[in-house]
Amino acid sequence: MEQTLTPSVISGIFAICLYLFAVLTSLISLKSSSNRHLGLNLMTIAAVVTHGFYLYLTIDTQEQQNLNLFNMMGLTNWLAMIILLLNAFKREVTLMIVVIGSFAAMSVLLGLTYSKENTMQLGGQWASLVHIFAAIIATGFLLLAAIQAILVIIADRQLRSHPTHLPSFFPPLQSLESFLFQLLVMGFALMSLALVIALFYLDTAISHQPIHKSVLSTLAWVVFAVLLIGHRWRGWRGRQAAHWTLGGFTLLCIGYFGSKLVIELILN
């Protein structure tokens, strides 16, 4: 699709290039055990800043907000990258920056390719703003939890079959599990806030949403609630916790992003 070189397109192209360089430098750093925390470098920070500027230009348009599928995907990945950068001061997150940085670059590319608008007026609507931001930030935390769950499964499988074959850049399994549940708690708390706001202040808006979106989002919340209760009272961890995390995140993705995909790209 032909694109005019507007500020949003230019910033999007720069964001993609910076993310690719950030991913490349992070991959190189993973091979050197002496280069720790190189995921937190100027290239990664520049990519996140440029991506944020691109999202500002594409979402906030003429007193309305463009909340289309790829803008929301990009916003989720952008928030996930910010969470990783904040955690890079105290833990090794380079591998996750490689994954999420790749997702972020892809979301920008798709946003530039399929620039369909889905606008709504959020000015002065505090309940809608709180609901949307809580839901998107929660999704960012839960996206990281899902990636962390995959790493837990890989590490657990490797330790069971070939204990000495686990790559040196993999954090210890205990550290992976600890970070997983920190992400789950934050994501679940924000997801609960979004659902409470929706139930008590946005009942009219909910009635216009596809029923399967509400059902799947609620089921995802239940899955995460059961997982956290099971971890607290039954000691669930390792592969069991990872599988529950992936199940809950899959329901959440199908409910939200799947609905937007069908409505914006297939039905229209």
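The values are calculated or read from the model by the stated rules, or taken from the named source; none is laboratory data. Please read these numbers as outputs of a predicted model, since none were measured by experiment. Neighbour counts are summed over all protein chains in view; Cβ atoms, including those assigned to glycine, are modelled from backbone coordinates with ideal geometry.
Points worth noting:
- Verdict on Ala104 being in the same structural domain as Val9 (by TED's automatic domain parsing), surrounded by 15 or more Cβ atoms within 10 Å (Cβ to Cβ) and in a helix (DSSP H, G or I): yes
- The stretch 122-155: number of residues that are farther than 22 Å from Met191 by Cα and surrounded by 19 or more Cβ atoms within 10 Å (Cβ to Cβ): 3
Residues checked against (1) outside the structural domain of Phe200 (by TED's automatic domain parsing); (2) under 16 Å from the mean Cα position of the chain (by Cα); (3) in a helix (DSSP H, G or I); (4) modelled with pLDDT of 90 or more:
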site: Ile100; (1), (2), (3), (4): yes, yes, yes, yes
site: Lys116; (1), (2), (3), (4): yes, no, no, no
site: Val130; (1), (2), (3), (4): no, no, yes, no
site: Phe133; (1), (2), (3), (4): no, yes, yes, no
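- Residues satisfying the stated conditions in the stretch 49-93, i.e. among the β-branched types (Val, Ile, Thr) and surrounded by 24 or more Cβ atoms within 10 Å (Cβ to Cβ): Thr58, Thr76, Val93
- Condition check for Leu57: closer than 29 Å to Pro171 by Cα, in a helix (DSSP H, G or I) and outside the structural domain of Ser259 (by TED's automatic domain parsing): no
- Single unsatisfied condition, Phe89 versus (1) out of contact with any helix residue (DSSP H, G or I) (no Cβ under 7 Å at 6 or more places or on another chain); (2) in a helix (DSSP H, G or I); (3) under 20 Å from Leu151 (Cβ atoms): (2)
- Here Ile229 meets the list (1) over 22 Å from Arg157 (Cβ atoms); (2) not in a helix (DSSP H, G or I) almost entirely, failing just condition (2).
- The criterion of being in contact with a His (Cβ under 7 Å, 6 or more places away or on another chain) and either assigned to a helix (DSSP H, G or I) or at pLDDT 95 or above (or both) holds for Phe181.
- Subset of the stretch 60-77 [within 26 Å of Val262 (Cβ to Cβ) and either touching a residue at least 60 places away in the same chain (Cβ under 8 Å) or assigned by TED's automatic domain parsing to the domain that holds Val185 (or both)]: Leu67, Asn68, Leu69, Met72, Met73, Leu75, Thr76, Asn77
- Within the stretch 59-85, tally of residues that are among the hydroxyl-bearing types (Ser, Thr, Tyr) and in contact with a Phe, Trp or Tyr (Cβ under 9 Å, 6 or more places away or on another chain): 1
- For Ile82, the requirement of being touching a Leu at 6+ places or on another chain (Cβ under 6 Å), at pLDDT 90 or above and within 30 Å of Glu177 (Cβ to Cβ) is not met.
- Top-ranked residue of the stretch 1-58 - restricted to ones that are of a type in the set (S, T, N, Q) and under 13 Å from Val98 (Cα atoms), ranked as modelled with the highest pLDDT: Thr44
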